[in-house]
Every structure is written in C-alpha cells, then in structure tokens.
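Read the figures in this text as sums done on the coordinates, not as results from a lab. Being a predicted model, the structure only gives us computed values, none of them experimental. So basically every Cβ, Gly included, is an ideal-geometry build from the backbone, and we count neighbours across all protein chains shown.
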Amino acid sequence: MGDEDAVVVRDLVIRYGTRTAVGGVSLAVARGAVLALLGNNGAGKTSLLQVCEGFRSPDAGTVRVLGLDPVADHDALMPRLGIMLQSGGMYPWATAGEILQLFASFAARPLDTGMLLDRLGLRRVARTTFRRLSGGEQQRLALAVALVGRPELVFLDEPTAGMDTEARHTTWGLVEELRADGVTVLLTTHLLDEAERLADHVVIMRSGVVAATGTPAELTAAAGIDLLQVRADPGLPVGDLAARLDGVTVTEASPGEYALAGPLHTDALARVLAWFAAQGAQVTSVDTRRRTLEDVYLALTAGASR
Ligand SMILES: Nc1ncnc2c1ncn2[C@@H]1O[C@H](COP(=O)(O)OP(=O)(O)OP(=O)(O)O)[C@@H](O)[C@H]1O
C-alpha cells in the first residue's frame, strides 16, 4: 500500500449502535485499477463505500482516498470523485436532463451531457421527471451523474442492479473505458460474472470481514482443474480410480458418465485416461472445467447470514 494506491483502507471498523457492520477491514485500490467488492447482503460493502466517500466517519481504523482524508478533506476531494449511490437520492421533480445538467455545472470540465444521455439510452426520457423514471432508468441516470465530472476515482454501488441486459453491457463498456483512461474504480456487485469481467482485483467480504482477496485468476486458479467429466463404458469400479487419486471423489453420475471432483493437478488427466484404458474401456469424451469465481464465492460465503 503506497502512493500508487488511490484508496487505502486500514483496519476499518464501522458500527451502528452495538452492531459491528465492518469489523477490521484492510484493502487498497491501485491507481487506475478496478476493484470489485463482493459479499452477501449485509456484509458491509455499502458501509465501507460510504466511509471512503466521506459520508460516514470510521469508528476505528484509517481511510485515505487520493492521499486525503475523506471526511476532513471532503470539499477538496468531492470534485475528483464520481459517486453512484445504490438508491437514487435525486430530486424527484427535476427531469433526467436537468439533473445531469445540474451535476455537469458543478464540474470544471464536464463531459458532454448529450453524449452521456445517448450512451446510456436516456435521450428519450431526458424530459421525464426523476420520480417517473423506471428503476433501471434511474440507475442509468445515477451512473451518468457519477461520470459527468470526469472523476479520477469512481465509486459504484451495485451499478447494474435493476438494469436490463443492454444497459448492463453499456455500463460494462463504460467501466472498461474508464479503466483505459486511467480512472480508478471501486465497485460493489452481486454479479460474479460482472466482477470476473471488469475487476483487476476482487475482495470478497463475509459478515464484515475480508474472506478472500486476489485477482479473479488467482482466486479461481488455486487447485488447477477442479472437475473432470469422462464418458466411457458403464459400470467401471470407481472406488479403484478414486483410491489412486488423492482427495478426488469419483462418481458415476449416470451410466457411463463419470465425474471426478477435487484437486486434479496437470498429470492427473494422463493417469485417469491410463486407468480407463487399463479397464479396457472405450472413452468417448473428456471434459474439464475450471472453478469459476462463483464456485469460489459460494464456498467462501456459504452459511453467512446476517
Ligand atoms: N444506518 C444504519 N443503521 C443501522 N444498521 C445499519 C445501517 N446501515 C447498515 N446497517 C447494517 O450494517 C450491516 C452492513 O450493511 P451494508 O449496507 O454495509 O451491507 P452491504 O454489504 O452493502 O449489503 P447489500 O449487499 O445488501 O447491499 C447490515 O447488517 C445492515 O443492516
């Protein structure tokens, strides 16, 4: 954690009364990187973001954002940040176009609001009042508002929640453009494919603490191939194969469909195929699958409920 980091969180504790929402979290977001914060409902993601945005003071620990204190240096920091809140929080009687224009007027060098309305499919509803926008349209407007001031650092709280497929892809494209322009992004999401696609770094929170952290590749790579499916003659002695592979379970899921699950290292494939050959069995297909971020996430957060 150093000057190259846009966000540095150390031993952060956030309490609501007697309830500890965040119980000692440390993380860093490198400048120009996209960090995705994952975690079950109530894990503390929004609370952590609110502290980084300067809307809430830490109960313990420290937070530095672009080298500044987000509460004490709030005024200096705000023009450099783009903030997309989870729930609208906009002026209900103003139109989408007026709201975007208002936020553009706060910025020294705003983006072209017409371009943003077009990119986010909001041109059609530019004259519609905020309260009449659909949930997905409100969400798209919140994203436009976060980006209009050309921020150096963007906080996106569940940016694509409630968006349709097209808007979601547009949002992903915008985040990729931000990253290409050197903008730092800290986002929360419940979508594992979103995190896998966008994030350089993933932090998985569980009940207020960090359960795992790494690049999507690091988090999914740990055990090499994790699932091997072999189609061959039915009725082979699976127990004999399992006994030859340490920690691997072998089942005949349906007649002639064998599933091997566990830490299958690279030499395992050859050994498995040799075993089938030694049984005199005809192998007709072999399929391997790596763990996805979803597999890792589910294993880490299983049973977390608050
Ligand atoms: N203003 C508040 N007053 C009291 N408790 C709160 C407040 N805000 C959040 N909490 C509690 O703190 C915990 C963490 O909430 P937070 O919103 O940070 O979680 P989250 O990870 O963002 O969840 P989600 O995925 O549901 O958005 C939850 O148990 C929540 O009920």
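Points to keep in mind about this one:
- 0 to 90° range, to nearest 10: angle between helix 96-106 axis and the chain longest Cα axis: 70
- For the chain, the fraction of C-alpha pairs more than 29 angstrom apart is 47%.
- Cβ-based charge dipole, segment 5-220, positive-most Cα from V51, L12, I204: V51
- In order along segment 67-73, the Karplus-derived 3J(HN,Hα) couplings, from 6.51 cos²θ - 1.76 cosθ + 1.60 at θ = phi - 60°, round to x, 10, 8, x, 8, 5, 9 Hz, and Gly and Pro are given as x.
- For the peptides 5-16, 164-175, the ranking by mean Cβ contacts within 10 Å, running from highest to lowest, is 5-16, 164-175.
- Rounded to the nearest 20 debye, dipole of segment 135-261 from Cβ charges on Lys, Arg, Asp, Glu: 180
- With a Förster radius of 30 Å applied to the beta-carbon distance between E177 and T20, the computed FRET efficiency rounds to 0.20.
- Relative contact order (%) - criterion: Cα under 8 Å, at least six apart; region: segment 224-290: 50
- For the chain, share of DSSP beta bridges that run antiparallel, in % to the nearest 5: 65
- A protection proxy built from the mean count of other Cβ atoms within 10 Å ranks the segments 258-271, 207-220, most packed first, as 207-220, 258-271.
- Entry note, the chain: the mean residue ellipticity at 222 nm calculated from DSSP H runs of n ≥ 4, each adding -39500 (n - 2.57), is -9000 deg cm²/dmol after division by the residues and rounding to the nearest 500.
- Computed over the Cα atoms of segment 224-290, pair by distinct pair, the Kirkwood hydrodynamic radius stands at 11.6 angstrom.
- Dipole of the chain, positive direction: furthest Cα of T128, L260, L81, with charges on the beta-carbon: T128
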